[in-house]
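The values are calculated or read from the model by the stated rules, or taken from the named source; none is laboratory data. Please read all numbers here as calculations on a predicted model, not as lab measurements. Neighbour counts are summed over all protein chains in view; Cβ atoms, including those assigned to glycine, are modelled from backbone coordinates with ideal geometry. In case anyone asks, the SASA skips ligands and DNA or RNA and just uses the protein heavy atoms, side chains included. Shrake-Rupley method; radii C 1.70, N 1.55, O 1.52, S 1.80 Å.
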Amino acid sequence: MGIGYVDGAYNRATGTRSAFDGLSDALEREGHPRMISLSGDREPEVQERLWYERMTLSPGGRKVYGYRWWQGQKWYQIHPDTVAPPRSSNHEARRSNDLKWPYNSDTLAARRAEELAPRFNITREGKNFRELWHWTHWGSLGRIETPASTGGTTTPTPAPAPSILKELEDMDKAVIVHLTVNKKTTWLLIGATVPGGYRATNAQETANAWAHIYGPSKKLKDQAELDVALREAKALAASWLAQQKKIHS
Ligand SMILES: [Zn+2]
């Protein structure tokens, strides 16, 4: 049967998926429960969003759970759950799964899983940072398959005409856009030279700092517009990078 996934969890790398399938099957054959992943791959933009939700440079009066250094700055954790800095997590590398009980704590099944795991190039990586549920595959990733969804109900809506790119034809510029959903605002700083094409924040103070440099933020009307902006941002950064390589090669 292989590893199972809760709604929204997935492994796109065939190598990672089949390694976990193999380990889960081996455990099942010995009478242990099937492995269920609560969280597998994380797309870079999701990891970034989590980071800005949970970490801040200026915690103010909020409860601080810890801190981490990222890009030379000290960030304060203002959410009870930890988060790895963007681009550093093995979830982003499409190698890790956070598993459900009994593979999330010190149980008989989990101990047996640890014994069998090396056969499948898997370790209980989370043991190193007190996250017993976090297991990682270190072998070949194989193919990265495109459908990122496991039974989700959303279908991608066709993109409306690009509107943000127009302002960015001058590649030295960057613009700020924002979207408010359920009273929560996300700001994006978009520009060809911004790594990956954009940065995202939910922190007003960060948005203010950006606005100080790049001018007022443009309001987006819905999530679809935000998705378009993200897609454009990535394409823009990729074409800028390609252009730079051409210039410098
Ligand atoms: Zn994890």
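Table for the structure above
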item	result
Residue 93 being open to solvent by less than 50 Å² (accessible area, probe 1.4 Å), away from the ligand (no atom under 14 Å from the Cβ) and either in the same structural domain as residue 201 (by TED's automatic domain parsing) or over 30 Å from residue 205 (Cβ atoms) (or both)	no
Qualifying position, being modelled with pLDDT of 75 or more and over 26 Å from residue 12 (Cα atoms), among 173, 245, 218	218
Test set (1) surrounded by 18 or more Cβ atoms within 10 Å (Cβ to Cβ); (2) at pLDDT 95 or above; (3) part of a loop (DSSP other than H, G, I, E, B) - residue 63 fails condition number	(1)
All positions within segment 57-90 that are in contact with a Leu (Cβ under 8 Å, 6 or more places away or on another chain) and more than 12 Å from the ligand (Cβ to nearest atom)	73, 74, 75, 76
Pairs, first under 15 Å from residue 98 (Cβ atoms) in segment 128-146, second away from the ligand (no atom under 16 Å from the Cβ) and hydrophobic (A, V, I, L, M, F, W, C), C-beta under 8 Å, six or more apart	137/120
Scope segment 101-113; condition within 16 Å of the ligand (Cβ to nearest atom) and either surrounded by 17 or more Cβ atoms within 10 Å (Cβ to Cβ) or at pLDDT below 95 (or both); matching residues	103, 104, 110, 113
Selected residue [within 15 Å of the ligand (Cβ to nearest atom) and either open to solvent by 20 Å² or more (accessible area, probe 1.4 Å) or assigned by TED's automatic domain parsing to the domain that holds residue 209 (or both)] from 49, 54	54
Residue 124, sole failed condition from (1) touching a strand residue (DSSP E or B) at 6+ places or on another chain (Cβ under 6 Å); (2) among the charged types (D, E, K, R); (3) modelled with pLDDT under 95	(3)
Considering residues of segment 29-46 that are open to solvent by less than 60 Å² (accessible area, probe 1.4 Å) and assigned to a loop (DSSP other than H, G, I, E, B) only, the residue nearest to residue 108 (Cα to Cα)	32
Any hit, segment 1-19, residues being more than 16 Å from the ligand (Cβ to nearest atom), in a strand (DSSP E or B) and either in contact with a helix residue (DSSP H, G or I) (Cβ under 7 Å, 6 or more places away or on another chain) or at pLDDT 95 or above (or both)	yes
